[in-house]
Amino acid sequence: PHWGGVGVDSRRELCVADTIRYKTREAYLPGKCPTSWKWFFPILLGACIAPGIGRAQDCFEVHTAQSEVVLSTTPATPLPAANDTLKLPCTKLIQNFAFKIKFKGNSEKYFEDSTQFLAVLAYKSSTYLLSYDKPTNQFTISNNQQNLREGSYSLTVSSIMCTPNNLVCDNCTIYYNFEVVYVEDPDLLVSIQSDPSPAILTCLPGSSVALIATALPHNGFQAQWSHLDNGQYVSIPGASTSAYTTSTAGTYLYTLSGPAGCTASNFTTVSTPVPPAISFAAPEQPLDACVQIIAGVDVQSGGVPANLELLWTTTGSGILLSGQTTPTPAIAALGSYTLLATNIDNGCTATATVQIVPGNIPTVIVQVASTTGIDVLDCQTLTRTLQASASLSSGGASAYTYIWSTGASGSEILVDAPGIYSVTATSTDNGCQGAGDILIFTDYSAPDLQIISPRDTVCAGQNISLTALALEPVTYRWQNNSTTGVLLVLPAQNGPNTYTVTVTANDNGCTTSTTKIIERVDPPQIACPMDALTIQSGRQATLDCPITGGELIWLAVSTNMRNIPPSGSGPVELLFELADAQAPGTVEYAFFAKNAGCTSDRTDVLLTVLPESVDGIFFPELITPNGDGQNDNWGIVVPEFISNPDAYQLSLFNRYGALVWEANLVTPFHADNYPDGTYYYVLSKPDGGKIRGAVTILRRK
């Protein structure tokens, strides 16, 4: 007998590569099959049969007719055939995929009995491992995804139980590629709602309208609000979400833009608030009675009348008797009467004024003035007397009673505060009334004032001028009762000295004061350790004079020296070099201590710089006693470290060896007493040493 093309006489054993199942679904491990069963398997996994032997085959592929793409907003859509394109409306968002496989009819269905499938979906730079549900024969992504969009997809399904042997239906792995592209969605529409609705601003502080438009279908879309400006829509920076709040009236456009050129837009209008409307049947009405009603007043609120709040006011000569919060107030005098209407729903207001003009009765005319003619309270005049006077427009005579807004009666009152003071005069003859008012101002402004001085620090014993500056005419008074604008002061103590001036404005009598602090310091002190110093040329030297307070400064005058600064501050630290190496040089230093404008007494230090010499004593080689101030004397320089120059004996010989002069180093040599020529000297030191040399006397014209 033959089972699946396997002959009994072939005597070939089956090669089991992995777990195999008999139809009873009993499992056997590789190499563990019962010996008596090696030739009697009715159904085996084809891969487990040696090549060239007939075998059961399994052919499977993606069942595109039953596979589908799961969308988040609409029913699922069938997937295309392999290597085909799925066209999705641009607004759709892919949530998942449901891939099903199918098997070749009348073939063995080992794969249907197995769960050993591995399915991977590749999209752009991501891969998704699919899970397999055997009862529904369906592969899906484990979790719903939000980033699956247009692009190329590649599905790979493999059976890990399969061993290929190049037969027609030996497809252990299948591949399914397809493309998703977006196309325009004719159902893409945009709607805009508002809060409040309708979209009308109010007059209340912080009023705004929230515009809420259609949300983005998915994050592949962009939103943009624009405002109509001069006939063109201008994008609003940062307004890129479906909601936008504005406090400005106008027309607003909302635009959605998505893939495949999908766009949709809509506009709405935010309206300005609606204020009340006031109208009068007659903007001028004659006064025909001592008391009458303002007639023909019409107020529209844009809503129900209950939303209105009314308030009448008058100024000057007008008199409101009653009905100030109604459309029909009672009045008693000529004047301007103003109605303020407030829509309490949106906070908007409107005003309108009606004039009451002379009619068929004489009117009471009232005038109010200050008795001095000045309506200002200031620092000189703290009270004013106000006086009212009344008369009839017809010129007739009448007596009057007066009632002021303060509650006082009589034709005069005394006031001490700013404000509007009104008075009502009533004719005792006919009871008609008139009104008048006056505005009292104040001027309590103090003068602007400052004290200036050349400096804020002086030395003991120095005086300084203080100048008081005001921006208006004033009178002055210093703390010492001086009444001038300039005060010369001599600070009396070290440290702060305070000076105060008070000024009074000439026009309103108001005063102000200010102070100035002048610091007095002691002059600094300087103590230089020496007044003369001798050094050799080319050496570094430091000159420093200790000071008490302040800063050390110096001036320098040099002779036969290189690179000596004429002035400086702090210790002198220089390299002293002669300009002419054959003659000594000098630097005359003047040292000062300076502190806040105060300067110490001067201290002089003479620095002598010598050429090369023996034992530091410099003997000039030339004397020119011609009175020109240069080398007139034998300028022997003895350094300061020789403390006993009188112990040195100097002898001078002419060219014949005769002694012509002898003295110690302290005694000056007068060369003008000797003729021109060369002389020889011998200096005897206290230690017995000798210094010898020559000097020439030469008179020049």
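Dividing the Cα radius of gyration by the Kirkwood radius, what Rg/Rh value follows for region 492-624? Don't skip to the answer; put the middle values down first.
Details: Rg = 24.5 Å, Rh = 18.3 Å.
Expressed as Rg/Rh, it is 1.34.
What accessible area, in Å² to the nearest ten, does a 1.4 Å probe give for residue 561? Counting only protein heavy atoms, residue 561 exposes about 30 Å² to solvent.
Only aspartates and glutamates eight or more places from residue 690 in sequence, or on another chain, were considered; those with a Cα closer than 13 Å are 615.
Using a 1.4 Å probe and counting only protein heavy atoms, arrange 175, 400, 589 so the residue with the most accessible area comes first. Present the calculation step by step, with values, prior to reporting the outcome.
Values: 175 155, 400 40, 589 5 Å².
Largest to smallest exposure gives the sequence 175, 400, 589.
Taking the square roots of 5 times each eigenvalue of the Cα gyration tensor of region 211-367, largest first, gives ellipsoid semi-axes of 55, 13, 11 Å.
For a 22 Å ceiling on Cα separation, which of these pairs sit above it: 92/124; 87/134; 102/124; 92/134? Don't jump to the answer; show the numbers that get you there.
Working: 92/124 19 Å; 87/134 29 Å; 102/124 27 Å; 92/134 29 Å.
From the list (92/124; 87/134; 102/124; 92/134), the Cα-Cα distance tops 22 Å for 87/134; 102/124; 92/134.
Taken over the alpha carbons of region 251-306 as equal point scatterers, the Debye sum produces base-10 log I(q)/I(0) values at 0.14, 0.20 Å⁻¹ of -0.66, -0.88. For residue 227, tell me the accessible area in Å² from a 1.4 Å probe, rounded to the nearest 10. Rounded to the nearest 10, that gives 50 Å².
Report relative contact order for region 180-249 in percent, whole number only (criteria: Cα-Cα under 8 Å, sequence separation at least 6). Intermediate values should be presented prior to the final figure.
Details: 84 pairs, mean separation 21.7, N = 70.
Averaging sequence separation for qualifying contacts and normalising by length gives 31 percent for region 180-249.
Under Stokes-Einstein, with the Kirkwood radius over Cα pairs as Rh, the value for region 422-499 at 20 °C and 1.002 mPa s is 123 µm²/s.
Order 426-437, 619-630 from most to least packed using the mean count of other Cβ atoms within 10 Å. It would help to have the intermediate numbers written out before the result.
Working: 426-437: 19.3, 619-630: 14.1.
In decreasing order of mean packing, 426-437, 619-630 become 426-437, 619-630.
Going by average Cβ density within 10 Å per residue, which order do the peptides 498-504, 197-203 take, highest to lowest? Let's see the in-between values first.
Numbers: 498-504: 18.3, 197-203: 15.7.
Ranked by mean Cβ neighbours within 10 Å, highest first: 498-504, 197-203.
The Cα trace of the chain gives Rg and Dmax of 59.7, 166 Å, the first to one decimal, the second as a whole number.
Rolling a 1.4 Å probe over the protein heavy atoms leaves residue 653 with an accessible area of roughly 60 Å². Put simply, region 511-564 fits an ellipsoid with semi-axes of 42, 14, 8 Å; these come from the alpha carbon gyration tensor as the roots of five times its eigenvalues, largest first.
The values are calculated or read from the model by the stated rules, or taken from the named source; none is laboratory data. All figures in this text were calculated on a predicted structure; none of them were measured in a lab. Methodologically, a virtual Cβ is constructed for each residue, glycine included, from the backbone with ideal geometry; neighbour enumeration extends over all protein chains shown. To get the accessible areas, we keep the full protein, side chains included, count just its heavy atoms, and leave off ligands, DNA and RNA. Shrake-Rupley method; radii C 1.70, N 1.55, O 1.52, S 1.80 Å.
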